[in-house]
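Encoded as structure tokens, the structure appears first; notes follow it.
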Amino acid sequence: MFSNKDRSQFADLETPFYYYDLNLLQETLNSCTEAAKVYDFHVHYAMKANFNTTLLKKIRLAGLGADCVSGNEVKKALEMGFDAGKVVFAGVGKSDKEINESLDQDIFCFNVESIQELEVINELAAKKNKIAKVAIRINPNVDAHTHHNITTGLDENKFGINSWDLPACADTLKQCAQLEFIGIHFHIGSQITNLDVYKNLCIRVNEFSQWFEERGFVVKVLNVGGGLGIDYHHPEQQIPDFTAYFKIFNDFLEKRDNQEVHFELGRALVGQCSSLISKVLYVKNGKTKNFIILDAGMTELMRPALYQAYHQIENITKQDAAASVKYDVVGPICESTDCFGKEVLLQETQRGDLIALRSTGAYGEVMSSHYNLREELRFVFSE
Ligand code: LLP
């Protein structure tokens, strides 16, 4: 539910726009950092979830590091004042330019996803007479039990180094004089709501850590990635249970005294602090279907079209009335997949009503596009 103050503020604004609740973001960050502090865990914010400058400022002030997946994300993190010593760079396809720039910035670590990439980083670091810190991203073949499009830790996925390639990887690490091995990295998928999945991950992390130790490597960093999900069906339950999440890693990781545990959380930190606010352009009542046509489409929020992702849809203008009519809620883009929800039970809706698509803070704004030559996004921040 939105407050009357929010509703009257929204009524005067041009739509669609991303609404960000910065208080909620702050509360979420506080909850995460307090829960992590108990075990001395290190949290990096996965910038890919949302790199809006206003949000990044708050996230940096909360003391988090940055997890980046492109050279531009590394650049932006540093511009925003994130400490280079807390910046990690992952991704299966780092270009030479991106590697070179990150070497120049002395970032904390490259999370390396193939043996060939190790060789390239070694070669580029040698030209600069630098030592590059690397963690090996291992594909642990753990099922994240999430949507198959956002699963990353199975043998069939392109991410990380498979276990059968680890002996060759260890040999390469020993031969590469410009590389400093600092640890191992995992990320098995996103929107993980079954915490048991993380127990399975911990078991695999322990095995791989021991494997490297037995071969004479010092595994200083265990980076277990991100993936903690949010409750899209109950956007009012806004802060994920970070305490339960971190406790699993404390209970199941066989952490050595000299080891650090690192996380890369995106969605759990920013997902619930935003809604996409849109206006109803038209209502088409048909024989078999009623359609609500919004002024926001897949160009503003791509997740439903791309992954059939669920975002709760609310008629803010009529929020005090009872829901009584089923509508397909669609956008204006010339694509049939431009649909936010089918058979959604809503209050009887009219042209001009404001509709909120909830839980859009993660992978919303960042995945928007200009398809159909759509307008620039608009934002409203509330504090
Ligand atoms: N670390 C790595 C290496 C990643 O690839 C990702 C996300 C994260 C951390 C952060 O994951 P999170 O905590 O946000 O789940 N566009 C999709 C999600 C793609 C996630 C990609 N990787 C969606 O809209 O659901």
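The values are calculated or read from the model by the stated rules, or taken from the named source; none is laboratory data. All values reported here derive from a predicted model rather than from experimental measurement. Because the Cβ atoms are built from the backbone with ideal geometry, glycine has one as well, and the counts that use them run over all protein chains shown. Side chains are part of the model used for accessible areas, which takes the heavy atoms of the whole protein and leaves out ligands, DNA and RNA. Shrake-Rupley method; radii C 1.70, N 1.55, O 1.52, S 1.80 Å.
Values for this structure:
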read-out: Test: residue in the stretch 197-215 that is within 14 Å of the ligand (Cβ to nearest atom) and hydrophobic (A, V, I, L, M, F, W, C); value: yes
read-out: Within the stretch 96-151, considering residues that are under 19 Å from the mean Cα position of the chain (by Cα) and among the charged types (D, E, K, R), the one surrounded by the fewest Cβ atoms within 10 Å (Cβ to Cβ); value: Asp143
read-out: Of all residues making up the stretch 260-283, the number that are part of a strand (DSSP E or B) and within 16 Å of the ligand (Cβ to nearest atom); value: 8
read-out: Subset tally (residues that are open to solvent by less than 20 Å² (accessible area, probe 1.4 Å) and outside any strand (DSSP E or B)) for the stretch 42-72; value: 9
read-out: Residue under evaluation Leu103, criteria (1) outside any loop (DSSP other than H, G, I, E, B); (2) within 16 Å of the ligand (Cβ to nearest atom), criterion not met; value: (2)
read-out: Residue match in the stretch 165-177 (condition: within 16 Å of the ligand (Cβ to nearest atom), at pLDDT 90 or above and either of a type outside the set (A, V, I, L, M) or crowded, with 18+ Cβ neighbours inside 10 Å (or both)); value: no
read-out: Residue match in the stretch 96-108 (condition: out of contact with any helix residue (DSSP H, G or I) (no Cβ under 9 Å at 6 or more places or on another chain), at pLDDT 95 or above and farther than 24 Å from Trp211 by Cα); value: yes
read-out: Residue under evaluation Phe82, criteria (1) open to solvent by less than 70 Å² (accessible area, probe 1.4 Å); (2) away from the ligand (no atom under 16 Å from the Cβ); (3) free of Cβ contacts under 8 Å to residues at least 40 places away in the same chain, criterion not met; value: (2)
read-out: Test: residue in the stretch 173-189 that is within 21 Å of Val224 (Cβ to Cβ), without any contact (Cβ under 8 Å) to a residue 40 or more places away in the chain and outside any loop (DSSP other than H, G, I, E, B); value: no
read-out: Any pair with Cβ under 7 angstrom, 6 or more apart, that starts in the stretch 213-227 at a residue that is open to solvent by 70 Å² or more (accessible area, probe 1.4 Å) and ends at one that is hydrophobic (A, V, I, L, M, F, W, C); value: Arg215/Ala170; Lys220/Ile182
read-out: Residues of the stretch 197-212 satisfying the condition of being without any contact (Cβ under 8 Å) to a residue 40 or more places away in the chain and closer than 25 Å to Val87 by Cβ; value: none
read-out: Meets criteria (away from the ligand (no atom under 16 Å from the Cβ) and outside the structural domain of Lys48 (by TED's automatic domain parsing)) for Val330; value: yes
read-out: So Ile248, is it part of a strand (DSSP E or B) and in contact with a helix residue (DSSP H, G or I) (Cβ under 7 Å, 6 or more places away or on another chain); value: no
read-out: Criterion: more than 20 Å from the chain's Cα centre (by Cα) and among the small types (Gly, Ala, Ser) - qualifying residue of Gly71, Gly85, Gly93; value: Gly85
read-out: Of residues in the stretch 315-327 being in contact (Cβ under 8 Å) with a residue 24 or more places away in the chain and either within 15 Å of the ligand (Cβ to nearest atom) or not in a strand (DSSP E or B) (or both), the one least open to solvent (accessible area, probe 1.4 Å); value: Ile316
read-out: Boolean, Lys247 is of a type outside the set (A, V, I, L, M) and either surrounded by 15 or more Cβ atoms within 10 Å (Cβ to Cβ) or within 16 Å of the ligand (Cβ to nearest atom) (or both); value: yes
read-out: Extreme residue, surrounded by the most Cβ atoms within 10 Å (Cβ to Cβ), among residues of the stretch 333-383 that are more than 21 Å from Asn315 (Cα to Cα) and among the β-branched types (Val, Ile, Thr); value: Val366
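Yes/no matrix, rows are residues, columns are (1) in contact (Cβ under 8 Å) with a residue 60 or more places away in the chain; (2) within 30 Å of Val134 (Cβ to Cβ); (3) touching a helix residue (DSSP H, G or I) at 6+ places or on another chain (Cβ under 9 Å):
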position: Pro235; (1), (2), (3): yes, no, yes
position: Gly266; (1), (2), (3): yes, yes, yes
position: Gln272; (1), (2), (3): yes, no, yes
position: Leu281; (1), (2), (3): yes, no, no
position: Asn285; (1), (2), (3): no, no, no
position: Gly297; (1), (2), (3): yes, no, yes
position: Ala305; (1), (2), (3): no, no, no
position: Ile313; (1), (2), (3): no, no, no
